[in-house]
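Trainee: If you scroll down you'll find the structure; I have some questions about it.
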Amino acid sequence: AANYAHVLVSRPQPAVALVQLNRPKALNALSAAHFKDITDALVEADADDSVGAMVLTGSDKAFAAGADILEMKDKTFADAFTNNFLANWEIITKLRKPLIAAVSGYALGGGCELALMCDIILASPTARFSQPEISIGVIPGGGGSQRLTRIVGKSRAMELCLTGRMFDAYEAERWGVVSRVVDGADGAKKEGGTESISPVVKEAVDMAATIASKGRVAAIACKEVINASFEMPLTEGLRYERRLFQSLFATHDQKEGMAAFAEKRKPNFTNS
Ligand code: CO8
């Protein structure tokens, strides 16, 4: 893997890439250079045949405290418009392999939006989310008004984006923003060696390993159809699902998966 100034990339399991935001002095505020490292590292992992799923995380204190306010405060409209400020955020939503966010601490503004771009969010009990842009004279710019609204509904999205108030891990779980809060109690032990891994990151890595152990073609197709449900009317979405389902009968992994069930053994997927 390439070396990045603002992210750490590791392989906690053979088929899992872990990308960790690493700009601790600014609580992982997303400067342009930081964001480029994040997307480059994820694109690199997405293209790596040995990777089946990816995990994105920050530190215990902050997943990411938003766009870098100091960097953008003097930006002009002409500059933001001409250079299509924030358009490169779409790179993350084009990744094909499943991406899990493991969120501890602050996930604010662009940090919340970054988590919302991932396929699954796991939160530690310390997670704090918000769309605080209204408090600095702007509005969400990385999908907060769109993705968050689709998940939590209009009234809550209005409240959150108009007041900027923080919501915690348990509210996020109740509303379906995160799939689960991972409590530290049963996994609080620090792993040996120099690297310690928090319970939520460990859970995300284990989940990514589980996903990576399935047939790759089916996993990518599964992510694609679920994401399509946000873009398509139901009839079209159902047709798209059925067509992709049918097409998987052309794969080795379908033959292997169903044969293994019939023979009462574990499948040996070859991602083909
Ligand atoms: N940008 C730049 N620097 C930041 C940011 C930020 N968003 N957040 C924290 N920092 C820096 C602080 O300036 C400080 O630096 P220094 O030590 O040099 O003074 C350091 O991180 C530590 O921060 P604090 O001293 O403030 O730490 P506290 O524990 O007192 O407070 C908070 C933590 C509550 C997270 C506080 O720092 C805060 O409110 N930060 C700003 C949160 C915010 O408003 N985020 C939204 C930004 S706007 C946005 O994201 C628009 C999204 C557009 C789409 C996505 C584009 C990337």
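Trainee: From the residues in the range 27-65 that are among the polar types (S, T, N, Q) and in contact (Cβ under 8 Å) with a residue 40 or more places away in the chain, which one is farthest from the ligand (Cβ to nearest atom)?
Mentor: The selected residue is Thr57.
Trainee: Restricting attention to the range 173-196, does a residue exist that is part of a helix (DSSP H, G or I), touching a strand residue (DSSP E or B) at 6+ places or on another chain (Cβ under 7 Å) and more than 16 Å from the ligand (Cβ to nearest atom)?
Mentor: Yes - at least one qualifying residue is present in the range 173-196.
Trainee: Could you pull out the residue among Leu42, Leu18, Leu56, Leu8 that is modelled with pLDDT of 95 or more and more than 25 Å from Ala218 (Cα to Cα)? Spell out the reasoning first.
Mentor: On the way: Leu42 fails: more than 25 Å from Ala218 (Cα to Cα); Leu18 fails: more than 25 Å from Ala218 (Cα to Cα); Leu56 fails: more than 25 Å from Ala218 (Cα to Cα).
When all the criteria are applied, what remains is Leu8.
Trainee: If you don't mind, another one. Considering only residues that are away from the ligand (no atom under 14 Å from the Cβ) and among the polar types (S, T, N, Q), look in the range 133-172 and name the one that is surrounded by the fewest Cβ atoms within 10 Å (Cβ to Cβ).
Mentor: By that ranking, first place goes to Ser155.
Trainee: Next up: Looking at the structure I just gave you, is Leu116 crowded, with 20+ Cβ neighbours inside 10 Å, aliphatic (A, V, I, L, M) and assigned to a helix (DSSP H, G or I)?
Mentor: So Leu116 fits the description; yes.
Trainee: Which number in (1) under 15 Å from the mean Cα position of the chain (by Cα); (2) in a loop (DSSP other than H, G, I, E, B) marks the one condition that Met54 misses?
Mentor: Every listed condition holds for Met54 apart from (2).
Listed here are the residues, each with its yes/no results for (1) farther than 20 Å from Ser198 by Cα; (2) assigned to a loop (DSSP other than H, G, I, E, B).
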residue: Ala17; (1), (2): no, no
residue: Asp37; (1), (2): yes, no
residue: Ser59; (1), (2): no, yes
residue: Phe63; (1), (2): no, no
residue: Ala80; (1), (2): yes, no
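Trainee: Let me ask something additional. So which pairs qualify, if the first residue must be in the range 132-159 and within 21 Å of Ile92 (Cα to Cα) and basic (Lys, Arg), the second must be near the ligand (Cβ under 6 Å from one of its atoms) and not in a helix (DSSP H, G or I), the Cβ gap must be under 7 Å, and the two must be at least 6 apart or on different chains?
Mentor: Sorted first by the residue in the range 132-159, then by its partner, the list stays empty.
Trainee: Mind checking which pairs have a first residue in the range 188-217 that is among the charged types (D, E, K, R) and a second that is surrounded by fewer than 21 Cβ atoms within 10 Å (Cβ to Cβ) and at pLDDT below 75, Cβ under 6 Å, 6 or more apart or different chains?
Mentor: Lys190/Ser196; Lys202/Gly187
Trainee: If you don't mind, there's one more thing I want to ask. Could you count how many residues in the range 51-89 are over 21 Å from Pro140 (Cβ atoms), among the hydrophobic types (A, V, I, L, M, F, W, C) and surrounded by fewer than 16 Cβ atoms within 10 Å (Cβ to Cβ)?
Mentor: The total comes to 1.
The values are calculated or read from the model by the stated rules, or taken from the named source; none is laboratory data. If you're wondering where the values come from, they're calculated on a predicted model, not measured in any experiment. Neighbour counts are summed over all protein chains in view; Cβ atoms, including those assigned to glycine, are modelled from backbone coordinates with ideal geometry.
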